[in-house]
Amino acid sequence: MANKNIQRCSWVGEDPLYQDYHDLEWGVPIHDDRKLFEMLTLEGAQAGLSWLTVLRKRENYRRLFEGFDPAVVARFSDSKIQTLLQDPGIIRNRLKVESTVSNAREVLRVQEEFGSLDAYLWSFVDGVPQVNAWSTMAEVPASTTASGILSKALKKRGFRFVGTTICYAFMQAVGMVNDHTIDCFCYPSGS
């Protein structure tokens, strides 16, 4: 459970779910393909909405998208997609749901070509998290050259809902970029 008496990044607020996400997940490097696929899906689902809205639906996403196993999701039929669109436990946007299924197919192609989604995605930062030193969240960009390159590469492969801003949020979420502000207790010491 989140500790209320510590300094966090200013975007966090008072919601315990948000605090736990910030304290335990945001900016922590992820190298598991299912988790990377999950975060790519959730960041795409968040487009136009708040991250807290998505976090509150995350367990439903995990259940309905079979633990984000790309081999299973890639085989979802049109009738399965129709069923998903009726479930209020997720964001019922047809394009976002369909993109999850088509993105799962692209994940499988990436895994076949590069050995893992992890190897492919992390190659865009040479396998090393970029640690920034922002004083305030106002300094943190919405996108960067690196997120633009990743976005372009993913789109070229057929991924959807992977614009440069979504890609930067994804990079932050999975620890490819650490954008905790320097006054945050999660900011890496010794950086």
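The values are calculated or read from the model by the stated rules, or taken from the named source; none is laboratory data. Just so you know, these numbers come straight off a predicted model, no measurement behind them. Neighbour counts are summed over all protein chains in view; Cβ atoms, including those assigned to glycine, are modelled from backbone coordinates with ideal geometry. These area figures cover heavy atoms from the full protein model, side chains too; ligands, DNA and RNA do not enter into them. Shrake-Rupley method; radii C 1.70, N 1.55, O 1.52, S 1.80 Å.
The charge dipole of the chain, taken about its Cα centre with unit charges on the Cβ atoms of Lys, Arg (+1), Asp and Glu (-1) only, comes to about 700 debye.
Can you tell me how the range 1-112 classifies by the Cα gyration tensor, rounded, prolate or oblate, using a/c under 1.5 as the rounded cut? Judged from the Cα gyration tensor, the range 1-112 comes out prolate (a/c at least 1.5, a/b above b/c). The distance linking the range 1-57 with the range 171-191 is 13 Å (Cα centroid to Cα centroid, whole angstrom). What does the charge count near ARG92 come to, summing +1 for each Lys or Arg and -1 for each Asp or Glu among other residues with Cβ under 13 Å from its Cβ? Result for the neighbourhood of ARG92: +1.
At R0 = 25 Å, how high is the FRET efficiency between ILE182 and VAL125 if r is their beta carbon distance? Nearest 0.05 is fine.
Efficiency, from the Cβ-Cβ distance: 0.80.
Projected label points at LEU17 and GLU112, each 7 Å from Cα along the beta carbon direction, are separated by 3.7 nanometres.
Using 1/(1 + (r/R0)^6) with R0 = 22 angstrom and r between the beta carbons of LEU52 and THR136, what's the FRET efficiency to the nearest 0.05?
Working: r = 21 Å, r/R0 = 0.94.
The formula returns an efficiency of 0.60 here.
Enter the angle in degrees (range 0 to 90, nearest 10) between the Cα long axis of helix 33-46 and the first principal axis of the Cα atoms of the chain, meaning the one along which they spread out most. Once rounded, one gets 80 degrees. Quick one: among MET137, MET176, MET39, which has the greatest mean-square fluctuation in a GNM of the chain with alpha-carbon springs under 10 angstrom? Maximum among the listed residues: MET137. Between the listed residues LEU85, LEU49, VAL73, the Cα displaced farthest toward the positive end of the dipole of the chain, a dipole computed from Cβ unit charges relative to the Cα centre, is found at LEU85. What the Cα atoms of the chain give is an Rg and a Dmax of 16.5, 52 Å. Taking the protein heavy atoms of the chain in the context of the full set of protein chains, the accessible area attributed to carbon and sulfur is 52 percent at 1.4 Å.
Structural descriptor for the range 1-138: relative contact order 24 percent, calculated from alpha carbon pairs under 8 angstrom and at least 6 residues apart.
At a probe radius of 1.4 angstrom, the accessible area of the chain per residue rounds to 48 square angstrom. In the chain, the longest principal axis of the Cα atoms and the axis of helix 94-114 are about 80 degrees apart.
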